Amino acid sequence: PPPEYADLPGPRAVYAGALDDRFDFEQMHALAQLPLQIVLIGPATPNASGVLGSLPNVHLLGPRPYRSLPGYLQHAQIGLLPLTRHPANEGRSPMKLFEYGAAGLPVIASATRELKRRALPFVRLAENSESFIEHARELIEAEATRVELAKIARQHSAAYAWAGRAQLLLDNLKRCESPPLHREVA
């Protein structure tokens, strides 16, 4: 586990990414009312400290080296993707979901058109702060559900690993090879 987790009893929910106008600070403020340690990793605007900095169970860690992120994810219990209604979020399909999934994290994400379309089985979509909190409460209280979703997350995310994506690309390229322009007649 990362050193910052030494004094953070579980359960832990983690977000890794930019804390800017695409990140829903209000949802995180509401989520902080639950018995949950919220770990936020990434560059932050001054607004992040202003809205969340005074909450005792919200931990703004700032940027961390990419190679250290698996430790933060593997030693958490829930992945978070709180998105605002910013236009950039509507069509976005964050790879972060599969990074969370590869670490065995069930995810709570704000419902966007693209995430609804994907319907990932380990992602709980929240339409508002109330449903974000309800999904978190369920995952905190139902360890068996969390464990089952962790298994599903790992299995589903494995298909999105770079080796699998590269093989899919190669397979598609093989199908695109053009047939010979003429045939020899015997």
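The values are calculated or read from the model by the stated rules, or taken from the named source; none is laboratory data. A quick note: this is a predicted structure, and the numbers were derived from the prediction, not measured. Neighbour counts run over all protein chains shown; Cβ positions are idealised from the backbone, glycine included. SASA here: full protein model, heavy atoms, side chains in, ligands and nucleic acids out. Shrake-Rupley method; radii C 1.70, N 1.55, O 1.52, S 1.80 Å.
Which angle from 0 to 90°, rounded to the nearest 10, does the C-alpha axis of helix 129-141 make with the longest principal axis of the chain?
That helix lies at roughly 90 degrees to the long axis.
So how tilted is helix 143-158 from the main axis of the chain? Cα-based, degrees 0 to 90, rounded to 10.
So the inclination is approximately 30 degrees.
For segment 88-95, what does the Karplus curve 6.51 cos²θ - 1.76 cosθ + 1.60, with θ = phi - 60°, yield as ³J(HN,Hα) per residue in whole Hz, taken in order and with x for Gly and Pro?
Working through the residues one at a time gives 5, 7, 4, x, 6, 10, x, 5 Hz.
Per residue of segment 109-126, what does 6.51 cos²θ - 1.76 cosθ + 1.60 with θ = phi - 60° give for ³J(HN,Hα)? Whole Hz please, x for Gly and Pro, Karplus curve as stated.
10, 5, 6, 10, 4, 5, 5, 5, 4, 5, 6, 5, x, 9, 10, 8, 8, 10
Can you give me the % of accessible surface on segment 32-139 that is carbon or sulfur? Probe 1.4 Å, all protein chains present, nothing else counted. Let's see the in-between values first.
On the way: 2670 of 4770 Å².
Result for segment 32-139: 56 percent of the exposed heavy-atom area is carbon or sulfur.
Based on DSSP H runs of at least 4 residues, each adding -39500 (n - 2.57), what is the mean residue ellipticity at 222 nm of the chain after dividing by all its residues, to the nearest 500 deg cm²/dmol? The partial results should precede the final answer.
Values: 9 runs with 81 residues, N = 186.
After summing the helix terms and dividing by residue count, I get -12500 deg cm²/dmol.
Which angle from 0 to 90°, rounded to the nearest 10, does the C-alpha axis of helix 162-176 make with the longest principal axis of the chain?
Value to nearest ten degrees: 30.
Check each of the GluC sites (Glu not before Pro) in segment 94-130 and keep only those in coil by DSSP with at most 10 other C-beta atoms within 10 angstrom; list them in order.
Numbers: sites: Glu99, Glu114, Glu127, Glu130; in loops: Glu127.
Passing sites in segment 94-130 are Glu127.
For segment 33-45, in order, what is each residue's ³J(HN,Hα) by Karplus, 6.51 cos²θ - 1.76 cosθ + 1.60 with θ = phi - 60°, in whole Hz (x at glycine and Pro)?
6, 8, x, 8, 8, 9, 10, 10, 10, x, x, 10, 7
When DSSP beta bridges are limited to those with both residues in segment 1-144, what percentage is antiparallel, rounded to the nearest 5?
Here the antiparallel bridges make up roughly 5 percent for segment 1-144.
Roll a 1.4 Å probe over the protein chains and send me the accessible area per residue for segment 1-53 in Å².
42
Going by amide H atoms built from the backbone, whose H comes under 5 Å of the H on Thr112, apart from near neighbours?
Close amide H contacts, sequence-distant or interchain: none at all.
So how far, in whole Å, is the C-alpha centre of segment 53-83 from the one of segment 19-41?
The two parts, judged by their Cα centres, are 10 Å apart.
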